[in-house]
Amino acid sequence: MDHEKVNILLVDDQPAKLLAYEVILKDLGQNLVIASSGREALEVLLKTEIAVILVDVCMPELDGFELAAMIREHPRFQKTAMIFISAIQVSDIDRLRGYEMGAVDYVPVPVVPEVLRAKVKVFAELYRKTRELERLNQDLEDRVRARTAELENSTAKLRESEERRSMAIAAGKMGSWDWDWITGDWMWDEGQYRIFGVGPESFEVNPANVQALLHPDDVDQLRKAIAEFNKGTRSYETEFRIVRPDGDVRWCVGTAAATVDESGRVMRVSGVTVDITERKRAEERQTLLAREVDHRAKNALALAQSIVRLTRADEVKAYVSAVEGRINALARVHTILSLSSWQGAELSKLIDEELAPYSLGGQIKLAGSEVQLLPATAQTLALALHELFTNSAKYGALSTRTGRLAIGWQVEDELLTLTWEESGGPLVMTPKSRGFGTRSLLASVESQLGGQARFDWRAEGLLCRLEVPLVRKTAATTAPGNFEAASSAELQRASG
């Protein structure tokens, strides 16, 4: 491949010499540029890239030394090779001066063509090599800059990806770890420390310390995992519990994968830990809720069965009405309790639900503050209120437009006192025997809730006083879910 030609500047005020230089240097195959004075040479230098300057020392107006000094002052030409040609014998001082001005060599006259050609060729090749090295260096710098930019971009993307991974791990309550199977060295990320409730500044990750944080019943899971990897297993997943230093027990699921060498020997094990405590607790709550729903459904059916079996009536229509009324009362309180997730019910809501079927205008007066009842208490009082409303609508104050009913309640020392006072209705006679409603009311309030129910059959209207403890005291009454079954038993006893 041919080399790119370089420019050689020939400076002399005598045309004959310039022609001689051209003839001598023609065989080099380079571009020869002619200048007949120092000023003309400067003009050429400003317009053309010159590799070598061949300049006569003795020229009018601007000699070779002065021209060299001016050339060296320009930043572009501080390294340009200059060869001085002198027709006179120069002294050592002049020669030293020439080197100080930037000359690289001296050629005396008469000029030996081979010598001049060889000198110029050397500096022309040096210039070409220098330019090639500069271009190569520039290309290298460009590639380095491009590669650096690519690496910076890749690093930024990797950092961004790692930040997203860390955020995802933190949001998902995850942690990652790495275990060098050969050296035993461990590496935990921030999420792993957070799950175990420890910090890198105070916790040394090693098998003994990790095992100490495992739940005693789940330590065998770690040993089993190690045994499986030693047998050739490449991945392993298990659920386990950890006990944090503060005593908090957390459920986790761990997934691990082994890296092996060419012989199949395990080199390292990497994995991810996910905190599934909330999921486990939700599953436990769901299981308990399912059991509770099943239990309540069975007990509610048992109570409904008792109501159907024990209700007495002279006519089918009256029987159906009584059964439907009691079951509807039970259904209404169940709806109220369901809306509160079986946390309890307000007394005023129970009364409002029982009032709903009646259009009584201003016949009923209510007075009392908000009282929150436990589920069992709410169910008992709902059935009791139903019996009172039903009897009053059939035989008492609510059976006439002139009748009046006042319901008041108050709480003192965890004891709820509810007063039911009728007036203005039909003349009241003390009953010779208690009906099913009255007996079931007494049984449920007194036996089931540990309270008291007092009836005063006044001529002007019934006066009933219910006293119900708001705090369950006995073992029988505090067992959750037993209310319906107990109520069923009380109803059966009341019917006897």
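The values are calculated or read from the model by the stated rules, or taken from the named source; none is laboratory data. All values derive from a computational prediction rather than experimental measurement. Methodologically, a virtual Cβ is constructed for each residue, glycine included, from the backbone with ideal geometry; neighbour enumeration extends over all protein chains shown.
Yes or no, residue by residue, for (1) at pLDDT below 90; (2) in a helix (DSSP H, G or I); (3) of a type in the set (Val, Ile, Thr):
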| position | (1), (2), (3) |
| --- | --- |
| 184 | yes, no, no |
| 191 | yes, yes, no |
| 212 | no, yes, no |
| 222 | yes, yes, no |
| 227 | yes, yes, no |
| 233 | yes, no, yes |
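Say whether the condition of being modelled with pLDDT under 80 and either in the same structural domain as residue 22 (by TED's automatic domain parsing) or within 27 Å of residue 4 (Cβ to Cβ) (or both) is met by at least one residue in region 36-44.
No, the conditions are met nowhere in region 36-44.
Among residues belonging to region 3-22 that are in contact with a helix residue (DSSP H, G or I) (Cβ under 7 Å, 6 or more places away or on another chain) and buried (at least 18 other Cβ atoms within 10 Å of the Cβ), point out the one that is farthest from residue 124 (Cα to Cα).
12
Could you look through region 322-351, keep only residues that are exposed (fewer than 15 other Cβ atoms within 10 Å of the Cβ) and more than 26 Å from residue 471 (Cα to Cα), and pick out the one that is modelled with the lowest pLDDT?
324
Considering only residues of region 259-286 that are outside any helix (DSSP H, G or I) and of a type in the set (A, V, I, L, M), which is nearest to residue 182 (Cα to Cα)?
267
What are the residues in region 185-227 that are among the acidic types (Asp, Glu) and either farther than 21 Å from residue 276 by Cβ or in contact (Cβ under 8 Å) with a residue 40 or more places away in the chain (or both), if any?
Let us first name the residues in region 185-227 that are among the acidic types (Asp, Glu), namely 185, 189-190, 201, 204, 217-218, 220.
185, 201, 204 - these are the residues of region 185-227 that are among the acidic types (Asp, Glu) and either farther than 21 Å from residue 276 by Cβ or in contact (Cβ under 8 Å) with a residue 40 or more places away in the chain (or both).
Under 27 Å from residue 279 (Cα atoms), at pLDDT below 85 and hydrophobic (A, V, I, L, M, F, W, C): does that describe residue 156?
So residue 156 does not fit the description; no.
In the set 387, 370, 354, which member is charged (D, E, K, R), in a helix (DSSP H, G or I), more than 20 Å from residue 446 (Cα to Cα) and modelled with pLDDT of 80 or more?
Being charged (D, E, K, R), in a helix (DSSP H, G or I), more than 20 Å from residue 446 (Cα to Cα) and modelled with pLDDT of 80 or more holds for just one of 387, 370, 354, which is 354.
Please identify the pairs in which a residue from region 48-68 that is at positive phi has its Cβ atom under 9 Å from the Cβ atom of a residue that is outside any loop (DSSP other than H, G, I, E, B) and charged (D, E, K, R), counting only partners at least 6 apart or on another chain.
Sorted first by the residue in region 48-68, then by its partner, the pairs are 61/39.
Check whether at least one residue in region 63-72 is surrounded by fewer than 16 Cβ atoms within 10 Å (Cβ to Cβ), at pLDDT 80 or above, assigned to a helix (DSSP H, G or I) and not hydroxyl-bearing (Ser, Thr, Tyr), and report yes or no.
no
Scan (1) of a type outside the set (Val, Ile, Thr); (2) surrounded by fewer than 14 Cβ atoms within 10 Å (Cβ to Cβ); (3) at pLDDT below 80 for the single condition residue 267 breaks and write down its number.
Result: residue 267 fails condition (3) only.
Of the conditions (1) touching a residue at least 40 places away in the same chain (Cβ under 8 Å); (2) in a strand (DSSP E or B), residue 246 fails just one. Which one is it?
(2)
Answer yes or no as to whether residue 110 is modelled with pLDDT of 85 or more and not aromatic (Phe, Trp, Tyr). Working first, answer last.
Working: modelled with pLDDT of 85 or more: no; not aromatic (Phe, Trp, Tyr): yes.
No: the conditions fail for residue 110.
Determine whether region 195-216 contains at least one residue that is hydroxyl-bearing (Ser, Thr, Tyr) and either surrounded by 13 or more Cβ atoms within 10 Å (Cβ to Cβ) or under 16 Å from residue 179 (Cα atoms) (or both).
No, region 195-216 contains no residue that is hydroxyl-bearing (Ser, Thr, Tyr) and either surrounded by 13 or more Cβ atoms within 10 Å (Cβ to Cβ) or under 16 Å from residue 179 (Cα atoms) (or both).
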